[in-house]
């Protein structure tokens with residue numbers, strides 16, 4: 001048998017052997033990896049997946065079976081990166097490895113159709129908005145209750161059933177009102193910022209965008225909201241659709257780069273981490289490499305930005321207990337851990353109670369809960385058990401995917417806990433009442 005028996009990977013976006021060789025197989029990543037903690041299988045750990053990618057790069061294994069299964073099963077949560085003493089850039093490896101699978105592996109017909117449907121809807125807010133009236137009628141006429149009580153979707157496809165479960169409650173058939181293009185700072189202007197409104201965020205969590213704009217204005221920021229924003233590319237990049245993700249990234253750069261702003265503020269974990277990663281995913285593009293570097297440098301998570309500039313204005317007492325979930329792409333990818341807690345603790349009457357494993361993935365992970373429902377459900381159950389350890393009024397997280405996932409778990413367990421983005425608490429505190 002020759003050394004290079006297989007051609008699993010081609011030269012386009014191939015996982016870097018240099019990064020692979022940075023791994024010294026010490027095993028520090030094992031206890032940080034949610035999928036390894038669930039299965040105990042070495043191949044469901046970062047170290048195991050790196051071993052598989054090395055074998056694929058060196059032509060020792062084909063593009064099928066174990067390689068696809070275990071790379072697909074990775075959450076991409078990046079909990080392994082802060083845990084790694086060698087500084088292995090695992091995120092780059094898993095994105096490259098997945099890009100090979102997306103381009104070179106022939107998935108079963110249903111899986112291919114299912115994934116295509118996801119990516120033809122979620123990165124396009126206008127398409128999601130057109131579906132809002134249908135979702136509203138579906139819920140209000142009791143069709144949803146019927147579908148869920150009969151379990152008919154589960155008999156056809158567990159994945160479709162999980163997708164239906166993730167649909168948030170639609171309170172109105174009308175499109176959410178768009179933010180104005182310019183929101184003036186309250187009092188003396190301290191900064192000028194631009195706000196990314198996001199795909200899922202702008203449709204299902206428009207209240208978070210509204211709260212973000214009000215809080216920024218309250219803190220002396222003039223807020224620019226470019227109209228007709230495109231998807232930033234986060235879902236595509238994290239799922240290995242790198243070419244598509246780069247196209248979205250270029251559109252986002254075109255939209256934001258000419259604005260005279262101090263920062264581009266993001267209130268969604270995945271979007272923020274991807275925009276900070278533009279410098280990496282576009283580094284070989286002669287037209288966009290430098291522009292991507294500039295945009296990445298200006299990108300700030302909203303809680304990171306508020307912690308940096310310091311809060312102003314009068315915060316009023318809320319008398320509320322909350323627990324904070326570290327969204328993976330804030331806590332692990334962006335290494336933003338203390339800032340959201342620090343800002344929340346400045347709110348009078350807000351008691352922040354830490355839960356066990358606050359930075360362990362909830363199983364949402366972009367589209368992971370839609371394509372890997374069993375593992376996603378296991379991690380959600382673990383998260384809900386941790387939330388139950390303390391009596392709180394709210395679960396707080398800086399990512400719409402986490403909030404939808406955890407909301408589902410709270411509803412299934414009939415817990416009397418609500419969910420919200422941390423910036424909403426600042427908004428309520430400035431107003432002096434909880435909406």
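Listed values, structure above:
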| item | result |
| --- | --- |
| Burial order of peptide ranges 51-59, 262-270, 228-236, 184-192 (average beta-carbon count within 10 Å, highest first) | 262-270, 228-236, 51-59, 184-192 |
| Residue 154/residue 22 FRET efficiency (R0 35 Å; Cβ-Cβ; nearest 0.05) | 0.25 |
| Cα-projected label distance for residue 289 with residue 338, points at 7 Å along beta-carbon direction, nm | 3.6 |
| Rounded Å value of the spacing that divides the Cα centres of region 356-435 and region 142-206 | 15 |
| Helical contribution to [θ] at 222 nm, DSSP H n ≥ 4, -39,500 (n - 2.57), averaged over the chain, rounded to 500 | -14500 deg cm²/dmol |
| Simple spin-label estimate for residue 346 and residue 174 in nanometres, 7 Å along Cα-Cβ | 3.4 |
| Bridge type composition, the chain - antiparallel percent by DSSP, nearest 5 | 10 |
| All-pairs alpha carbon distance profile, the chain, 20 Å steps from 0, percent | 25, 59, 16, 0 |
| The chain: most fluctuating residue of 326, 64, 44 per GNM, C-alpha cutoff 10 Å | 64 |
| Hull volume in cubic angstrom per residue (convex hull over the Cα atoms of region 182-307) | 93 |
| Burial ranking of peptide ranges 369-380, 281-292, 70-81 (average Cβ count within 10 Å, highest at the top) | 70-81, 369-380, 281-292 |
| Helix axis angle, 242-256 relative to the chain longest principal axis, alpha carbon, degrees | 30 |
| Nitroxide proxy distance, nm - points 7 Å out along Cα→Cβ at residue 184 and residue 147 | 4.6 |
| Residue 374-residue 314 FRET efficiency (beta carbon distance; Förster radius 45 Å; 0.05 resolution) | 0.40 |
| Equivalent ellipsoid, region 279-348 (semi-axes from 5 times Cα gyration tensor eigenvalues, Å) | 33, 15, 7 |
| With Cα atoms, 0 to 90° folded angle of helix 373-387 axis to the chain main axis | 40 |
| Cβ crowding within 10 Å averaged over residues, with 133-139, 237-243 ranked highest first | 237-243, 133-139 |
| Region 109-166 - Rg (one decimal) and Dmax (whole number), Cα, Å | 12.6, 33 |
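Laboratory data are not the source of any read-out in this text; all were calculated from the coordinates shown. On a predicted model such as this, the values are computed, not experimentally measured, just so you know. Neighbour counts are summed over all protein chains in view; Cβ atoms, including those assigned to glycine, are modelled from backbone coordinates with ideal geometry.
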